[in-house]
Structure formats: structure tokens, C-alpha cells
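The values are calculated or read from the model by the stated rules, or taken from the named source; none is laboratory data. These numbers were taken from a predicted model, which means no experiment stands behind them. Don't worry about glycine lacking a Cβ; one is built from the backbone with ideal geometry, like all the others, and counts go over all protein chains shown. Side chains are part of the model used for accessible areas, which takes the heavy atoms of the whole protein and leaves out ligands, DNA and RNA. Shrake-Rupley method; radii C 1.70, N 1.55, O 1.52, S 1.80 Å.
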Amino acid sequence: MTTKRLGLIMNGVTGRMGLNQHLVRSIIAIRDQGGVLLSNGDRMLPDPILIGRDADKVERLAKRFSVERWSTDLDKVLAAKDDAIFFDAATTQARPSLLTKAIEAGKHVYCEKPIATNLEEAVAVLKLAKAKGIKHGTVQDKLFLPGLKKLAFLRDSGFFGRMLSVRGEFGYWVFEGGWQEAQRPSWNYRSEDGGGIILDMVCHWRYVLDNLFGEVESISCLGTTDIPERFDEKGKKYTATADDSAYATFRLKGGVIAHINMSWVTRVYRDDLVTFQVDGTHGSAVAGLTDCVIQARQATPRPVWNPDEKRTHDFYADWQKVPDNVVYDNGFKEQWEMFIRHVCEDAPYKFTLLEGAKGVQLAECALQSWRERRWIDVAPIEV
């Protein structure tokens, strides 16, 4: 058993997602635990090089987490033979060109989603990766959340019986940036910069629905821009041109109907920032990021509609919490370990750039549905 070095090029780690989820809670955590254990007993120890445009910021980040290597010259780093994997968590608009560069340089690629702002560019990157024979992956983080893993467990156990519907609620209030600092980057609210909640979130709903409840066959979607003016990171007022809330209905293979509300202009009155209620003939479940509660048909109360009397029944008390019988690791870290095993020992891995392209496709269909005010069928992607 030996420990081997695995060089990683990490682009976009000065941003919130790249820093917290991918660098700190994934790669640094994997490094500190001694690497990723392979099936033959060897360990792959990640050796990241941090890439960014601001030299001072990247250098400070490297020193903070005891990362020896950093650079502002991505082209030079890609040309070297020291690193096997390129990772990107920077802006969506730049992602296709960055992935193309990395693939042309012979690197395996792993990236955040969306993998592009349009399906044409997403498919072009996928085709290039297949032609070059490199390994490729897209982050599908919500599948690794404890709450959604519990939903998958319930589905596999037959708890729901025949699944009928899925109802999702996602979002929270993002401050406008004037009297209180915004908690999301300003480009998220400019369509010309690749912003918009439909592009940002519908790619998530694609892999969640496909993998847990049934492949998406068609979609109807309405988007809105509710806050017309916001303030950027320098306090300058700008026009918000991207959608900040959307309401989508999905028809899934097998007959399940899903509806998901998504909004950056809503105040939270629910158990979590995202919740999914799944109803079936034998039982229902409601899951958030971590917890999940269930109600079997045998424990379902019998409400009677009477608006003339105040409700005194505690409906929440009729639900039972799914126990934490399993210890859940960080979902981003878990998927990083899967991708590293895929690269280093060809372990099975399904979350490829094709899955990322499916997310972009569904976002395009949602935008088309909003624009044309009709249902849009989702066709297979030809590669």
C-alpha cells in the first residue's frame, strides 16, 4: 500500500462555493484525512494548485490552508504535466472555454453547474471530452444531501407505494445590496452576465427529479423579475435584468407530477431553505437538506373541511422523523472522492458532463416555456 500524489488545478476557489464546499470541506478535508483510499489499498493524496486573477487574494488563500502552489497563469499551469484534473467553480459564462482549454491540454475535468449558459456550448464540450477520451464529471451535490438520501431510501424500500407527486419549495430573501449587503454576487441578477434563477436552479432540479422520481419528459415554467434594481459589490445601483423567481411544473416518466417554486425574493416560513414533499398511495414524506419526516397511510388523519371552525388538530404531530441510522459525510467531499476513484482506478461514475448538459437543456426548455407560454417537451440529447 502506497500513497500517491494527485495534482489538481482548482479554478474559481476564491468564490463562496469554490472556497467553502470544494477547497475547504472537500480537498483540504481529503488531504487531512490522508487521501482517497482506492480498492487496491493505495491512497491518492490531492495536491492542489489554486488559480485566480487576484494574486494577493490567491496567495493569502494558499497560505491560510497550507497549500504550497498557486498561480494567476492558467495557460502555463495547463501546459505543465504535473496535474491530472482541472476543476472549475468560476462564472458560468466562462466555463465552456475553460473546460475546452483543459480538455485540449489532456486534463480530466470536473466542474460546477451549470456547465454552460446554453445547450449548444454544453454539448460541444461533452463531444470534445468524449473525443479526447478524458474522464469528466459535473457536481450534482443535492443528491448527496442527507435529506434527499433519506428520500431515496424510502423510495427503494417501497414506502411510497405508487408515487403521485413531488412539491418543492426553494429560496430565501436576497438583500438588494443598498441598505444591507447582498448575500449573492451581483452578476446573478444580470442575464447578460449569465444570471437568473432559472439557469441557476433548474439544472439542479433536472438531476434531482431524474434520479429520485422519474426522468423529466416536459416542463411548463413562468419566471419573473420582482426586484428591478439592485446594488453591486461597490454600492453602485444597477438594473436587474435576470429572473429572480420562477414557478415550474414537470411531467415525469412514470406519471409523477412535480412542481417547484424557486425564489430569491421570499421569506422563509418552512423547516429549511429547500423542502420536498413526496406523496404516494402508501405514504408521504417531507425532506429538507438534512432531515426527513414521514406519514404512512395507516397514520394519516381524516380531516373534514369546515371553514367555520378554527382548526385545533396539530397536523405536524402526525409525522414521524426518519432516524439518522447512517453517518453522512459532506456531500461535496463524497462526490469528489467518487470522481477521484473514477479517474485513478476507473471506478463507476454516472455524473458526467452529459448529466450537466441535461441540466442546461432543461433550463433552456424552461426559458422557452416562459417566453412562449406553453409546455415544452424535453428531447434526448444526441452526442
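Observations on the model:
- Across the range 246-269, the qualifying residues are those that are touching a residue at least 40 places away in the same chain (Cβ under 8 Å), closer than 20 Å to GLY288 by Cβ and not hydrophobic (A, V, I, L, M, F, W, C), and the one among them that is most open to solvent (accessible area, probe 1.4 Å) is ARG267.
- Of all residues making up the range 320-353, the number that are of a type in the set (Phe, Trp, Tyr) and at pLDDT below 95: 1
- Looking only at residues of the range 338-354 that are open to solvent by less than 30 Å² (accessible area, probe 1.4 Å) and outside any loop (DSSP other than H, G, I, E, B), we find that the one that is farthest from ILE381 (Cα to Cα) is ILE340.
- Any hit, the range 159-178, residues being among the basic types (Lys, Arg) and under 24 Å from ILE115 (Cα atoms): no
- Number of the condition not met by PRO48 [criteria: (1) part of a loop (DSSP other than H, G, I, E, B); (2) crowded, with 19+ Cβ neighbours inside 10 Å; (3) not aliphatic (A, V, I, L, M)]: (1)
- Extreme residue, surrounded by the most Cβ atoms within 10 Å (Cβ to Cβ), among residues of the range 175-201 that are within 27 Å of PRO146 (Cα to Cα) and in contact with a strand residue (DSSP E or B) (Cβ under 7 Å, 6 or more places away or on another chain): ILE198
- Taken as a whole, the condition of being surrounded by fewer than 13 Cβ atoms within 10 Å (Cβ to Cβ) and either of a type in the set (Lys, Arg) or touching a Pro at 6+ places or on another chain (Cβ under 6 Å) (or both) applies to ARG311.
- Residue check for ALA90: within 26 Å of the chain's Cα centre (by Cα) and open to solvent by 10 Å² or more (accessible area, probe 1.4 Å): yes
- Taking the criterion of being open to solvent by 10 Å² or more (accessible area, probe 1.4 Å) and either in a loop (DSSP other than H, G, I, E, B) or free of Cβ contacts under 8 Å to residues at least 24 places away in the same chain (or both), the residues of the range 17-45 that qualify are ASN20, ARG31, ASP32, GLN33, GLY34, LEU37, LEU38, SER39, ASN40, GLY41, ASP42.
- Number of the exception - THR225 against (1) in contact (Cβ under 8 Å) with a residue 60 or more places away in the chain; (2) surrounded by fewer than 21 Cβ atoms within 10 Å (Cβ to Cβ); (3) among the hydroxyl-bearing types (Ser, Thr, Tyr): (1)
- Among the residues of the range 63-87, those that are more than 16 Å from ILE103 (Cβ to Cβ), surrounded by fewer than 18 Cβ atoms within 10 Å (Cβ to Cβ) and not small (Gly, Ala, Ser) comprise LYS63, ARG64, PHE65, GLU68, ARG69, THR72, ASP73, LYS76, ASP82.
- For the range 270-279, the candidate set comprises residues that are assigned to a strand (DSSP E or B) and surrounded by fewer than 20 Cβ atoms within 10 Å (Cβ to Cβ); within that set, the residue that is farthest from the chain's Cα centre (by Cα) is ASP279.
- Of the residues making up the range 1-15, those that are under 17 Å from ARG64 (Cβ atoms) and not in a loop (DSSP other than H, G, I, E, B) number 1.
- Where GLN298 falls short, out of the listed (1) over 19 Å from MET201 (Cα atoms); (2) open to solvent by less than 30 Å² (accessible area, probe 1.4 Å); (3) in a helix (DSSP H, G or I): (2)
- Residues in the range 280-293 that are open to solvent by 30 Å² or more (accessible area, probe 1.4 Å) and not polar (S, T, N, Q) were compared, and the one that is nearest to THR225 (Cα to Cα) is LEU289.
- Filter pass, TRP375 being of a type in the set (Phe, Trp, Tyr), under 30 Å from THR3 (Cβ atoms) and out of contact with any Leu (no Cβ under 7 Å at 6 or more places or on another chain): no
- Restricting LEU23, LEU19, LEU50 to those that are within 17 Å of ASP329 (Cβ to Cβ), under 25 Å from the mean Cα position of the chain (by Cα) and not β-branched (Val, Ile, Thr) reduces the list to LEU23.
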